[in-house]
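A.B. asks: Structure provided below as structure tokens; questions to follow.
The values are calculated or read from the model by the stated rules, or taken from the named source; none is laboratory data. What you are looking at is a predicted structure, and each value in this text was computed from that prediction instead of being measured. Virtual Cβ from ideal backbone geometry, glycine too; neighbours counted across all protein chains shown.
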């Protein structure tokens with residue numbers, strides 16, 4: 001079983017269907033599909049704005065479950081993870097999403113886990129915090145700690161998705177070039193740059209050091225960009241001098 005299937009995103013007292021829709025989109029991006037609304041206060045009961053902002057995650061929105069109370073929404077969950085930006089006596093043991101992700105995945109391998117997000121205007125109440133088994137705070141600048149609801153869902157879900165290790169990044173299909181092939185390439189570049197008049201014989205060794213550096217690490221500095229711009233300009237001049245013209249539409 002995929003442990004991501006055992007996560008329940010629980011939105012408590014949510015006001016705006018647009019926020020719910022945006023949360024659905026974030027969930028779908030991170031492989032989560034189970035949405036629960038606890039005591040929702042939706043001001044757009046037909047969820048038109050929600051469906052608009054859910055984009056291709058409308059199925060997550062439409063399959064949502066609604067509960068009258070917070071306790072009912074998390075009753076079947078082995079872990080209840082509350083997210084909070086507020087401090088206080090009962091909120092001092094918070095951890096970051098990254099610190100908790102591995103543990104939550106382990107729990108989710110055999111039981112449901114609730115990821116709980118509070119109201120847009122008030123967050124989670126103290127009595128709701130007391131029912132949480134874990135508390136998480138997303139690291140942000142102290143000057144502004146309020147996070148949009150869907151952004152909080154995305155950050156939390158992203159850390160769990162990343163820790164799950166299910167994403168395989170694309171890889172370069174071609175094998176790495178051996179040094180002999182690169183030496184041949186540089187030799188041809190050396191001949192070509194001299195042929196188009198980019199550098200004089202006495203400058204060759206110095207300029208080729210710059211070319212080697214660029215091919216090793218990419219164009220990063222102003223000097224790197226100046227060398228590559230100079231090569232392009234000189235190659236264009238040489239082509240024009242030889243009567244060559246760009247192809248139509250080129």
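A.B. asks: Going by the conditions given, is residue 152 assigned to a helix (DSSP H, G or I) and touching a strand residue (DSSP E or B) at 6+ places or on another chain (Cβ under 9 Å)?
C.D. replies: Yes: the conditions hold for residue 152.
To keep it simple, each residue is scored yes or no on (1) part of a helix (DSSP H, G or I); (2) under 22 Å from residue 242 (Cβ atoms); (3) in contact (Cβ under 8 Å) with a residue 24 or more places away in the chain.
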site: 187; (1), (2), (3): yes, no, no
site: 194; (1), (2), (3): yes, yes, no
site: 197; (1), (2), (3): no, yes, yes
site: 202; (1), (2), (3): yes, no, no
site: 225; (1), (2), (3): yes, no, no
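A.B. asks: Just one of 28, 111, 85 is buried (at least 16 other Cβ atoms within 10 Å of the Cβ) and touching a helix residue (DSSP H, G or I) at 6+ places or on another chain (Cβ under 8 Å); which is it? Let's see the steps before the verdict.
C.D. replies: Values: 111 fails: buried (at least 16 other Cβ atoms within 10 Å of the Cβ); 85 fails: touching a helix residue (DSSP H, G or I) at 6+ places or on another chain (Cβ under 8 Å).
Only one candidate qualifies: 28.
A.B. asks: Is it fair to say residue 8 is buried (at least 19 other Cβ atoms within 10 Å of the Cβ) and either free of Cβ contacts under 8 Å to residues at least 40 places away in the same chain or farther than 18 Å from residue 136 by Cα (or both)? Before the answer, list the steps.
C.D. replies: Working: buried (at least 19 other Cβ atoms within 10 Å of the Cβ): yes; either free of Cβ contacts under 8 Å to residues at least 40 places away in the same chain or farther than 18 Å from residue 136 by Cα (or both): no.
It is false that residue 8 is buried (at least 19 other Cβ atoms within 10 Å of the Cβ) and either free of Cβ contacts under 8 Å to residues at least 40 places away in the same chain or farther than 18 Å from residue 136 by Cα (or both).
A.B. asks: I've got another one for you. Can you name every residue in the range 54-80 that is over 23 Å from residue 134 (Cα atoms) and surrounded by 21 or more Cβ atoms within 10 Å (Cβ to Cβ)? Reasoning before the result, please.
C.D. replies: Here is the first cut: in the range 54-80, the ones over 23 Å from residue 134 (Cα atoms) are 54-64.
The answer is 54, 57, 60, 61.
A.B. asks: Mind checking which pairs have a first residue in the range 24-39 that is under 17 Å from residue 3 (Cβ atoms) and a second that is surrounded by fewer than 22 Cβ atoms within 10 Å (Cβ to Cβ) and modelled with pLDDT under 95, Cβ under 8 Å, 6 or more apart or different chains?
C.D. replies: Filtered contacts from the range 24-39: 31/2; 31/166.
A.B. asks: Being under 12 Å from residue 4 (Cβ atoms) and out of contact with any strand residue (DSSP E or B) (no Cβ under 9 Å at 6 or more places or on another chain) is the filter here, so list the residues in the range 160-175 that pass it.
C.D. replies: Just the residues of the range 160-175 that are under 12 Å from residue 4 (Cβ atoms), to begin with: 160-167.
Selection gives 161, 162, 163, 164, 165, 166, 167.
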